[in-house]
Amino acid sequence: MQSPKVFAPYRGRFAPSPTGPLHAGSLVAALASWLDARAHGGQWLVRIEDVDHPRTVAGADQYILAQLAACGLHPDAPPAWQSQRSALYQAALEQLKARGLAYPCACSRKDIEGASPALATRPRHAELRYSGTCRAGLQGKAGRAWRLRTDQPAEPIAWHDRACGPQVQDVEAQVGDFVLLRADGCFAYQLAVVVDDADQGITHVVRGADLMDNTARQIYLQRCLQLPTPQYLHTPLVCAPDGHKLSKQNGAQAVDVADPLRALNQAAAVLGLPPQSGALSQALAHWTALTAVHGAQSLWGAAARRSAGAGAGPT
Ligand code: GLU
């Protein structure tokens, strides 16, 4: 007799960095992750990614939460703040150290820049390729950061994006041993995001295509920590009239939630969903039904693939 199929419940999340208010591009990622969760009858969480203390803007977290609420995007549990979860990241780092997978690094940014070609564009959370200088030991220098060995095993990470299809990255060759704990004492985004996605039981990650390039690093780290890998879907990016991706650094305006349906209609258009008028709740219900029927990947897959090819730029 065939045993019945057991599906893991869907748990998605939106994970903004509180470096400023939501702009049109980040609202697309928020709406997409909310719709995909609702279309699957799943849960949707919000996690404030404030591990990068120097970039955190006071009050931006509350502003973002208010913008989401005004748009009717309510999480199913109270939001989590990464700044309150350092013990989890430290425990993961200790585990990696104990297994010889993490090592201290004395190299300064200047040392690394000298050893690798400069990046013409800088994708979100991109790192300069690290040549592995401190893998063999600190040679008497003081450790500044902690890095993860990417040669255990040294094999390409193949993964499938629900919108963009098969992907592959050789992390060791293309990124090198990446940072887990930064020289300024902040836990790196890669470590915090992997630990949190697993700790919060996230089964589906839906986020902007400019984060595609981070996914192989995250899957590699999940394997090192023996954590499950969620399914990934990267959403289309919003471009400014000059063709560049909208970002806080290039002056993207905060989403104006005085007229939330207008803001949501703009975000929905990027996701291939038709404009709605009337009540906000009805618009969201209609888009949820369309996402459930057509599937996120067929609705916004083509646009996401275009964005993934041109996704470099700051947030
Ligand atoms: N907080 C990250 C950022 O805004 C996004 C994290 C994620 O969705 O994985 O760049």
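The values are calculated or read from the model by the stated rules, or taken from the named source; none is laboratory data. Just so it is clear, the structure is predicted and the values come from calculations on it, not from any experiment. Neighbour counts run over all protein chains shown; Cβ positions are idealised from the backbone, glycine included. The accessibility values were calculated without ligands, DNA or RNA, using every heavy atom of the protein model including side chains. Shrake-Rupley method; radii C 1.70, N 1.55, O 1.52, S 1.80 Å.
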Between helix 60-70 and the chain: long-axis angle, C-alpha atoms, 0 to 90°, nearest 10: 30 degrees
Span from the the stretch 127-166 Cα centroid across to the the stretch 230-305 one, whole angstrom: 34 Å
Along each principal axis, Cα extent of the chain, largest first, Å: 67, 60, 35
Nonlocal amide H pairs with ARG124, under 5 Å, H built at 1.01 Å: GLY313
Per residue accessible area of the chain, 1.4 Å probe, in Å²: 46 Å²
Rounded, prolate or oblate (a/c below 1.5 giving rounded, otherwise prolate when a/b exceeds b/c) for the stretch 6-88 by Cα gyration tensor: oblate
For THR150, residues with placed amide H under 5 Å, excluding near neighbours: ASP177
Under Karplus coefficients 6.51, -1.76 and 1.60, residue-wise ³J(HN,Hα) of the stretch 124-136 in Hz, glycine/proline x: 4, 6, 6, 10, 5, 4, 9, 7, x, 3, 8, 4, 7
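To the nearest 0.05, how large is the calculated FRET efficiency for GLN266 and GLN139 if R₀ is 51 Å and r is the Cβ-Cβ distance?
0.40
Given the DSSP H assignment, sum -39500 (n - 2.57) over each helix run of at least 4 residues in the chain and divide by its residue total; what's the result at 222 nm in deg cm²/dmol, nearest 500?
My calculation for the chain gives -11000 deg cm²/dmol from helical runs alone.
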Cut-off under 5 Å, modelled amide H: who pairs with ARG13 long-range: LEU45, VAL206
Phi to ³J(HN,Hα) by Karplus 6.51 cos²θ - 1.76 cosθ + 1.60 over the stretch 156-166, Hz, x for Gly, Pro: x, 9, 9, 8, 10, 8, 4, 9, 9, x, x
Cα centroid of the stretch 172-190 to Cα centroid of the stretch 23-61, whole Å: 22 Å
Carbon and sulfur %, accessible surface of the chain computed with the full protein complex present, 1.4 Å: 55 percent
Full-extension gain in nm, GLU94 to TRP159, via 0.36 nm per residue minus C-alpha separation: 20.7 nm
J(HN,Hα) series, the stretch 189-205, from Karplus relation 6.51 cos²θ - 1.76 cosθ + 1.60, nearest Hz, glycine and proline x: 3, 4, 5, 5, 5, 5, 5, 5, 4, 6, 4, 8, x, 6, 9, 9, 9
